[in-house]
1. Counting only Cα atoms, I'd like the Rg/Rh figure for the chain, Kirkwood definition for Rh.
2. Using 0.36 nm per residue, how much length does the chain from R77 to L171 gain when fully extended, once their Cα-Cα distance is taken away?
3. Loop-only GluC sites (Glu not before Pro) in the range 238-310, please: DSSP not H, G, I, E or B, and at most 10 other Cβ atoms within 10 Å.
4. Around R284, with a cut-off of 15 angstrom between Cβ atoms, what is the net charge of the other residues, counting Lys and Arg +1 and Asp and Glu -1?
5. Take M217 and D112, extend 7 Å from each Cα along the Cα→Cβ direction, and tell me the distance between the two endpoints in nm.
6. Among G257, A46, H161, which residue has its Cα positioned farthest towards the positive end of the charge dipole of the chain, with +1 placed on the Cβ of Lys and Arg, -1 on the Cβ of Asp and Glu, and the dipole taken about the Cα centre?
7. Within the range 108-212, list the GluC sites (Glu not before Pro) lying in a DSSP loop whose Cβ has at most 13 other Cβ atoms in a 10 Å radius.
8. Over the chain, with a Gaussian network built from C-alpha contacts below 10 Å, which listed residue (G31, G159, G248) shows the highest mean-square fluctuation?
Amino acid sequence: MPEKIRLEDLQTPLLTKRKGNDPFRTVGVIGLGIMGRGIVETIATAGIEVIGVEKTEKTLKAGMDGLAKSMDLEIKRWGKTAADKRAVLARVKGTSNLADLKNCYIVIEAVDESYEAKKLLVEAFYAIGKEDAVFISNTATLSLTKLALAAKHPDRIIGMHFLNPVPKVPLVEIVRGIKTSDETYNLVRQLARRIGKTPVEVFEYPGFITTRTILPMLNEAMHVLMEGIAKAEDIDTAMRLGYDMEAGPLEMADSMGLDEVLMWMETLWHELGEPRYRPCPLLRRMVRERKLGKKVGEGFFKYNEDGRRL
């Protein structure tokens, strides 16, 4: 019997139209913060060339140095080899010039969770890029439909919500805006599989699946700590062992970045008006004190330079 053919595995018209041009040959990634670097590493590890874009030469150097450092940590943990690192870096070109993405059919933005910043990127990219290119937003909470208003072809706008750490988490949410076409969705689904991710289809709604579901748990764990019911260590131990979690909710929040968690909660609190998304006062205080989690070495717990708990 022949192998069953799935419709989602068939070449989309976008692919067919570009005979001889592999849309996955070179992918652009805008923003080389923690998430952007993880996306770059994941794509390059899959054998795809990547052009990483940052605002300035200074932030570009910081991003590229951060990419190399994160792989060095994996080498120390025996998760990668020096040869793996060389192969990845050989496929990555860094630039501070957005125009270097003009020949990319697929571009992923991973900048701050700001609608205005992402909107400006959509407008700027399509001013210099291919008219039929697919623009992917790595957003956790924002509306893809609203973002698509900035594009001449809103059917080419779609979301890919990666989870941190991107190279290790096997999941990606593919988020469709109201006008996202099936062609665009199928192309991005193929990209997800090409880079080793399991894609799940999500129709636009604030928080999608993962963010909307996890935030109330993180928020409640913070309330338990603030109310003095248990210590941070015991809260995480209880949840980790009681529910077979790899990390407890407070360490998970530290890994995400407490400023990011606060921003997501405020967005969902504003969009949905539901009390479970109203940020815990303790979270607000910690962000004011710049105790932002692993990226600064202190959040609910303290961490060394390798991100390990002290």
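1. 0.97
2. Separation in residues times 0.36 nm, less the Cα-Cα distance, equals 31.6 nm.
3. Here the sparse-neighbourhood loop sites are E246, E289, E305.
4. Local charge sum for R284: +1.
5. Label at M217, label at D112, 2.9 nm between them.
6. After comparing all options, I get A46.
7. Those satisfying the criteria are E131.
8. Result for the chain, Cα springs under 10 Å: G248 fluctuates most.
A short reminder: the numbers here are calculations on the coordinates, not readings from a lab. None of the values given here were measured: they were computed from a predicted structure. Cβ sites come from the backbone with ideal geometry, for glycine too, and all protein chains shown count toward neighbours.
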